[in-house]
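The values are calculated or read from the model by the stated rules, or taken from the named source; none is laboratory data. These numbers come from a predicted model, not from an experiment. Using ideal geometry, Cβ is built from the backbone for each residue, glycine included, and neighbour counts are taken over all protein chains shown.
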Amino acid sequence: MAVLAVIQHFIFSRVVILGASPDILAVFIAYVSVIIGQRTGIVFGFSAGLIAGFLSGNPGLAALIGTVEGFTAGFFHVSPDSHPTMVKKRRMFYSGAATSIAAGNLFQALLSNPLALPAWVRIPSMVILGTLSSMFLAVLIYQLALKRTLRD
């Protein structure tokens, strides 16, 4: 988590389009929540948010956003007892990632600096562009690394 937080802070947070940037920590939190469960996702989300918050200077907001992301993605948890197929695991990962990233971006847009951009620009741009850029990152990470871990 610490390595991902450093990568997020020094690399991905520099790619900003209308206040939105891709979030590798949200993808990690979504993966943990979908595969392991909602409670573990909440703990990982809080911890990852706290680490990222200390790097960015706002640990409270980042911890809240990480917790919300873990909680939201946990609704798409794939129980190993249900004998899920690869397609179901992939679908639940993408659904959980999209929902949790959108919820995190919404919280970020609502609670971030209101003087940066007007609300009518800031909120839709952060939610839509942030979710799209993070989902592009999620698809890329899934294809490169997670596909092997989600096999039957």
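At a glance:
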item	result
Search result, residues across the range 6-20 that are crowded, with 21+ Cβ neighbours inside 10 Å and at pLDDT below 80	Ala20
Residues of the range 122-152 classified as over 26 Å from Lys88 (Cα atoms) and modelled with pLDDT under 80, total	1
Residue, modelled with the lowest pLDDT, within the range 44-93, restricted to residues that are crowded, with 16+ Cβ neighbours inside 10 Å and β-branched (Val, Ile, Thr)	Val78
Conditions (1) in contact (Cβ under 8 Å) with a residue 12 or more places away in the chain; (2) farther than 21 Å from Ala5 by Cβ; (3) touching a helix residue (DSSP H, G or I) at 6+ places or on another chain (Cβ under 9 Å): number failed by Thr85	(3)
Positions within the range 52-86 being under 12 Å from the mean Cα position of the chain (by Cα) and β-branched (Val, Ile, Thr), in sequence order	Ile65, Thr67, Val68, Thr72
